[in-house]
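Worksheet: the structure to be examined is printed underneath.
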Amino acid sequence: EFGRAAGGVISVAIKSGTNKIRGSAFEFLRNDKLDANDFFSNRAGLKRPPLRRNQFGGTVGGPIYRDHTFFFTSYQGTLVRSSRTMSSTVPQPGMLRADFGSVNIFDPLTAQAGVRQQFANNVIPANRIDPVGARLAALYPAPNLAGLVNNYFANVPIRDDDHQGDGRLDHRFSDKDSVFVRASVNRRAINRGAMFAAPGNGGNGFNDYPVVQTPQAFSVAGNWTRIISTSVVNEFRLGYTRNESDQLALADKSLYSEFGIKGVPQTEGLTGLPQIGVTGFAALGDRTFAPNPKRTGVTQIIDNASWVRGNHTIKFGFDARLSSNYAGTSSNARGTLNFNGQFTSRTAGSGAGSAMGDLLLGQTNSATLTTLLLGDLRNNFYGFFFSDSWKVTRKLTLNLGLRYELQTPLWEASNKQGNFDLDPKSSTYGTVVPARGGGIRERSFSNLDKNNWAPRIGFAYQLTPKTVVRGATGVFYGGLGFQAIAQLGPANPPYFLNVTLA
């Protein structure tokens, strides 16, 4: 009966109401007042990081029309206020004034035979400081711990609000026909704060950058169960599920012009600053892939029939899923600027200088910019099965079955895909060929696999009244698996461009 999963299958059922009103309520609490301070906060002389976790909710169900119509509802809210302990390296105050003290830095304009002259007293002259670099460097806070490395410590706030609700309505038309309709909704908002004050934000890696996430989901389903005879039962289900998510920067407007950063096209949602990497120090600005909108909708149709005939319990049916996936992302459209110290090193290109010196001089070692990466992707799945639970003898039962599955590749709804033609015999060999209307091959650049047969066999044998031996084997197919947008046509020219200057 089950397929499209090479691992486990989880079945979830929501309760129905009964002839009596029944309900429940619950509360789960965690609070930092009940916790000890963690090691790192204690070592830095900071108070316990805050933690408020409240998980609460309840259910209620009962009759609308006794013995025939029932309702059931549930709600769960999870409110979390916490923080994350983070440490990083920030520049000494003197560096931000272009005075590098004992750190040797060299003038990139004085190279002779690949060797540069040192700046006098390791101080960059005021007339050489790039105003954009100086404005960005000023976003670093002063160290709050001793030393040159890991000299800044912070408890970064995290806010997570999650609300979930379900409703179910059951109606029994007769002894043979019953239906139910169920709807579920989920709304969540995650706000992970910044290591530094806005708009510096920053972090030590991709997952350290501040971000606002807005996951939400909606699902509705209906079920009709019909008792056709004393030995035959049919169950029909229809459902739709929609999931949405996005990742946003904290700022409410673009700051590129304010900081003098040029060359980044203004796009809706690209707020704050680009990502700015400074080797040896925490990064500044906002993360890449923000915004990162995702929307998935799945319509599912299922029909299963069960037939008991003698010592055979036969079941057969089908499962169809029609999916749409809007895979949008800004990728690196906000841009990334990297500084690694190669311009203030003694030997040109060695990277042994000060990345902070390169930043103040406005000398990037690399810069990356992409277009938006967008794809309105579609795929369909069809599964059919037949199974027989055969009680051969009082002690031996065999489970025999066969599945057939048809999973289409992903295609783009408007054919906004392109891929390289690698067939030397083709007239378009070595060029990017656009997707076009027609079959799966023309729209997805992939062949349709029509050979997914999945036989299954299992047995149970009772050796003694207290001992049963069981065994089973079968062929199983997964779904699409990880077929990221970056591996598909929308990530190719002319629909997506990625440029790095170094």
Diffing the stretch 247-257: the Karplus 3J(HN,Hα) column from phi (6.51, -1.76, 1.60, θ = phi - 60°), in whole Hz with x for Gly and Pro, holds 10, 10, 6, 6, 5, 9, 8, 6, 10, 4, 5
With R₀ set to 30 angstrom, the calculated FRET efficiency between the beta-carbons of VAL212 and VAL499, to the nearest 0.05, is 0.60
Surpassing 27 Å at the alpha-carbon level, of the pairs LYS294/LYS315; LYS15/LYS395; LYS391/LYS466; LYS395/LYS450, are LYS294/LYS315; LYS15/LYS395; LYS395/LYS450
Length gained, TRP307-ALA44, 0.36 nm per residue minus C-alpha separation, equals 87.8 nm
Expressed in angstrom and ordered largest first, the alpha-carbon extents of the stretch 329-481 along the principal axes are 86, 49, 29
Rounded to the nearest 5, the percent of antiparallel DSSP beta bridges in the chain equals 95 percent
Diffing the stretch 270-286: the Karplus 3J(HN,Hα) column from phi (6.51, -1.76, 1.60, θ = phi - 60°), in whole Hz with x for Gly and Pro, holds 7, 9, x, 10, x, 7, 10, x, 10, 4, x, 10, 4, 6, 10, x, 10
Rounded to a whole %, the carbon-and-sulfur portion of the accessible area of the stretch 109-243 at a 1.4 Å probe is 58 percent
The farthest towards the positive end of the charge dipole of the chain, of the residues GLY458, SER444, ILE301, given +1 on Cβ of Lys and Arg and -1 on Cβ of Asp and Glu, is GLY458
For the stretch 23-77, averaging the sequence separation of alpha carbon pairs under 8 Å that lie six or more residues apart and dividing by its residue count, the contact order in percent is 36 percent
Projected onto their principal axes, the Cα atoms of the chain stretch, largest extent first, over whole-Å spans of 98, 72, 48
Put LEU400, LEU273 in order of accessible area, largest first, probe 1.4 Å, and you get LEU400, LEU273
Given the candidates SER389, ALA502, ILE276, the one whose Cα lies deepest towards the positive end of the charge dipole of the chain, counting +1 at each Lys or Arg C-beta and -1 at each Asp or Glu C-beta, is SER389
Given 147-160, 424-437, 452-465, 191-204, the highest-first ranking by average Cβ count within 10 Å works out to 191-204, 147-160, 452-465, 424-437
If unit charges are put on Cβ atoms (+1 for Lys and Arg, -1 for Asp and Glu) and the dipole of the chain is taken about its Cα centre, the option from ALA352, PRO265, LEU372 lying farthest towards the positive end turns out to be LEU372
Ordering 490-499, 128-137, 329-338, 304-313 by per-residue average of other C-beta atoms within 10 angstrom, highest first, gives 329-338, 128-137, 490-499, 304-313
Quick calc, the chain, dipole around Cα centre from Cβ unit charges on Lys, Arg (+) and Asp, Glu (-), nearest 20 debye, gives 1560 debye
Label model pair ARG66, ASN31: point-to-point distance (7 angstrom along the Cα→beta-carbon line) in nm is 4.5 nm
Filtered hits (lysines, Cα-Cα < 30 Å from LYS47, offset >= 8 within chain) -> LYS33
With every protein chain kept in place and a 1.4 Å probe, the chain has an accessible area per residue in Å² of 54 Å²
Rounded to 0.05, the calculated FRET efficiency for the beta carbons of PHE476 and LEU51 at R₀ = 56 Å is 0.85
Quick calc, THR85 & ASN121: beta-carbon distance into FRET formula, R0 22 Å, rounding 0.05, result 0.05
The simple spin-label model distance between TYR429 and ILE129, using points 7 Å out along Cα→Cβ, in nm, is 6.0 nm
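The values are calculated or read from the model by the stated rules, or taken from the named source; none is laboratory data. Only a predicted model underlies this, so the values are computations on that prediction, with no experimental measurement involved. Virtual Cβ from ideal backbone geometry, glycine too; neighbours counted across all protein chains shown. Remember, those area values only see protein heavy atoms, side chains included, never the ligands or the DNA or RNA. Shrake-Rupley method; radii C 1.70, N 1.55, O 1.52, S 1.80 Å.
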